[in-house]
1. Restricting to the stretch 282-307, what's the tally of residues that are surrounded by fewer than 21 Cβ atoms within 10 Å (Cβ to Cβ), of a type outside the set (A, V, I, L, M, F, W, C) and under 18 Å from the mean Cα position of the chain (by Cα)?
2. Given the conditions (1) within 12 Å of the ligand (Cβ to nearest atom); (2) modelled with pLDDT under 95, and given that Ile176 satisfies all but one, which numbered condition is not satisfied?
3. Please work out if Ala311 is loosely packed, with under 15 Cβ neighbours inside 10 Å, not in a loop (DSSP other than H, G, I, E, B) and not basic (Lys, Arg).
4. Could you run through the stretch 314-347 and say how many residues are open to solvent by less than 50 Å² (accessible area, probe 1.4 Å), in a loop (DSSP other than H, G, I, E, B) and among the hydrophobic types (A, V, I, L, M, F, W, C)?
5. Restricting the first residue to the stretch 231-246 and requiring it to be at pLDDT below 95, which pairs with a second residue that is open to solvent by less than 10 Å² (accessible area, probe 1.4 Å) and of a type in the set (A, V, I, L, M, F, W, C) meet a Cβ separation below 9 Å and a spacing of at least six or different chains?
6. For the stretch 2-113, give me every one of the helices (runs of 4 or more DSSP H) that falls completely inside it and has 3 or more residues that are open to solvent by 20 Å² or more (accessible area, probe 1.4 Å) and under 27 Å from Asp251 (Cα atoms).
7. Might you let me know whether the stretch 32-47 holds any residue that is within 16 Å of the ligand (Cβ to nearest atom) and either aliphatic (A, V, I, L, M) or modelled with pLDDT of 95 or more (or both)?
8. Taking only pairs six or more apart or across chains, which ones have beta-carbon atoms under 8 Å, a first residue in the stretch 358-379 that is crowded, with 19+ Cβ neighbours inside 10 Å, and a second residue that is of a type in the set (Ser, Thr, Tyr) and in a helix (DSSP H, G or I)?
Amino acid sequence: MTLKFNAPYLGGREREYIDEVFRNDTFSGNGPFTRRAQTLLASRYGVPHVLLTHSCTAALEMSALLLDLGPEDEVIVPSYTFSSTAAAFLRSGARIVFCEIEPATLTLDVADVGRRITPRTRAIVPVHYGGISADMSGLAEVVAGRDITLVEDAAQGLEARCGERFLGTIAPLGSISFHETKNLHCGLGGALFVNDPELFERAEDIWERGTDRSKLFKGLVDKYSWVELGSSFYPSELQAAFLLAQLETIDRNTAERKVIHEAYAERFGELERRGLLDLPRAAWPVSLNYHSFFIVCRSGAECDGLRVRLAENQIQAYIGYVPLHSSRMGQKLGYKPGDLPLTEEYAERALRLPFHNRMTVDDVQRVYEVASAFYASRS
Ligand SMILES: *Cc1c(COP(=O)(O)O)cnc(C)c1O
């Protein structure tokens with residue numbers, strides 16, 4: 001039996017809530033389920049305003065629109081991330097400045113960010129890779145006293161924390177993904193956490209395709225019109241209903257994932273103590289949402305060998321990302337392989353192992369046995 005890399009989570013009441021959408025007879029979005037999901041997220045995480053979106057990509061694009069970026073502006077983004085982190089800001093016309101990651105967490109390297117700040121830097125986008133927080137206090141020190149906005153790409157970070165603070169709630173803007181590969185999902189979905197209340201009025205207009213239609217609903221105006229450059233950013237009520245059913249089971253979801261994570265950490269911790277690989281370890285206080293489990297191999301070649309060995313045993317393991325700066329699109333932006341050596345090295349050495357709620361500890365044991373046999377055959 002193939003052990004899949006990912007399997008979509010199901011909370012149990014998704015169909016029931018979708019039936020309720022039919023009874024509500026409101027399908028298009030910004031309806032009762034959207035409001036219930038937004039309220040749940042806002043109260044659980046202490047966020048002043050939450051806007052559901054059809055993806056994390058959309059939430060990042062909304063952030064770029066809110067910042068009014070243009071060709072004179074620079075946005076610093078780790079190269080080790082998903083295309084959307086950079087593309088959302090590139091679309092707004094800004095120049096993308098790629099930075100390095102630090103090897104122990106594969107999140108952005110704060111010292112390297114500091115070296116890339118110029119008078120044109122308008123925003124920095126920390127990515128909480130695998131649900132492990134970037135060094136948010138280090139980053140806050142680097143931008144202190146400058147007119148630079150932090151936008152968290154917390155696509156993988158819902159429920160995880162940096163110190164006491166939930167990811168996505170630390171910077172003025174935070175974006176979350178509810179894609180089916182994330183802990184909780186609605187097929188495709190996301191949310192924008194508007195942590196700076198001053199940004200909310202415009203955020204809501206941008207979300208409503210650039211109109212002040214939300215004010216009509218609140219009885220503040222008697223007709224609505226086009227006021228901003230926005231787009232169609234919200235999900236339908238069908239997605240919001242599916243999502244609410246999932247959000248209501250978040251404690252169970254996290255508890256199940258924790259069991260799998262601990263089983264991996266115990267077994268692969270033993271391989272780490274033998275010096276065969278490294279496990280991620282933040283030098284700042286973090287608490288996990290158990291989004292993923294990845295290992296850092298001793299070399300790119302060894303990582304690839306292990307990946308192939310796992311595949312031969314019907315176990316799906318994958319690398320994280322091809323660095324954006326060395327991708328075909330990155331090269332169109334003027335970057336080239338060799339520009340970010342640490343990122344290139346660790347992108348080849350990091351391997352993500354199967355991780356989802358349908359896995360059992362026996363599945364983890366199976367991954368471990370194949371990995372240990374692989375290392376035994378090499379020594
Ligand atoms: C999944 C992911 C995204 C994109 O999320 P979508 O909801 O699919 O748009 C962006 N950034 C990171 C780091 C991700 O993991």
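1. 1
2. (2)
3. yes
4. So the answer is 2.
5. Filtered contacts from the stretch 231-246: no entries.
6. Counting at least 3 such residues, we get 14-24, 32-45.
7. Yes, the stretch 32-47 contains a residue that is within 16 Å of the ligand (Cβ to nearest atom) and either aliphatic (A, V, I, L, M) or modelled with pLDDT of 95 or more (or both).
8. Val364/Tyr264; Val367/Tyr264
The values are calculated or read from the model by the stated rules, or taken from the named source; none is laboratory data. Predicted model, so just to flag it, every value in this text is computed and none were measured. Cβ atoms come from the backbone with ideal geometry, glycine included; neighbour counts cover every protein chain shown. SASA here: full protein model, heavy atoms, side chains in, ligands and nucleic acids out. Shrake-Rupley method; radii C 1.70, N 1.55, O 1.52, S 1.80 Å.
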